[in-house]
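These notes are about the structure you will find just below.
Read-outs: derived from the displayed coordinates by stated rules, not from any lab. Predicted model, so just to flag it, every value in this text is computed and none were measured. Neighbour counts are summed over all protein chains in view; Cβ atoms, including those assigned to glycine, are modelled from backbone coordinates with ideal geometry.
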Amino acid sequence: MAGYGDWEYSEYQALMTRGRDAERMSMICWTASGLVAAILLSWGIEAKNASLMLPVIFAAAFGYYATIHSRQQTRLIAGYIKEFFEGNANGPQWFTRLGHLEVVPGFNPSGDWVSTILVNATVALAIVFSWLYAPTSARGDLMAGIVTGCGVAFSFHSISETSRLRQTNPGVFWRQVQSGPVEEKRPARMARS
């Protein structure tokens, strides 16, 4: 990394470490919530109880939100590095070149939509089983309705959040704040005669 001072190199290393930790935390949260949701779903199916489908949706939602938060942090870090470190020709070029690679035909890494589809499939299963077991449960229709309401709200929100995350460019955010705050001048008052 020619041309980098000690401070720039230290900041770059710290940001890359933080991004790697956020990615790791995202994967751990996603895996743990998937396992918990699957276990809760199997317990609910075994018990044939509509009420036990609600924790499935909550477990899936908690994992999804931890994952989406970590991914957002990772993208912000990548945008910062791309804007401030990869802007010159002497610095590292990982995120800039990765952005160029994403538009190459044939390059198809698993994206955010895969996890969103998987979590929504789990939620849909919980909704279906809650209605299947509603007649056998006490207040089953009420619980199936609550499960359906929570599941539909979560599905809509997860799809809109994933769409929003995919459409944002974190580098643009950093470019906007790079100029710093600008003081607005008060409009001059005209003296009345």
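At-a-glance table
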| item | result |
| --- | --- |
| Residue list for the range 49-64, given a label point 7 angstrom along the Cα-to-Cβ vector of LEU132 and an amide N cut-off under 17 Å | 49-57 |
| Longest to shortest principal axis, alpha-carbon extents of the range 6-176, angstrom | 68, 31, 29 |
| Sites THR168 and TYR65, calculated FRET efficiency, Cβ-Cβ separation with R0 22 Å, nearest 0.05 | 0.80 |
| 20 Å reach of a label modelled at SER10, 7 Å along Cα-to-Cβ, counting backbone N of the range 48-83 | 81 |
| Extension gain, LEU98 back to LYS48 (0.36 nm per residue minus Cα-Cα distance, nm) | 13.2 nm |
| Footprinting exposure proxy for GLU86, GLU11 (fewest neighbouring C-beta atoms within 10 Å first) | GLU11, GLU86 |
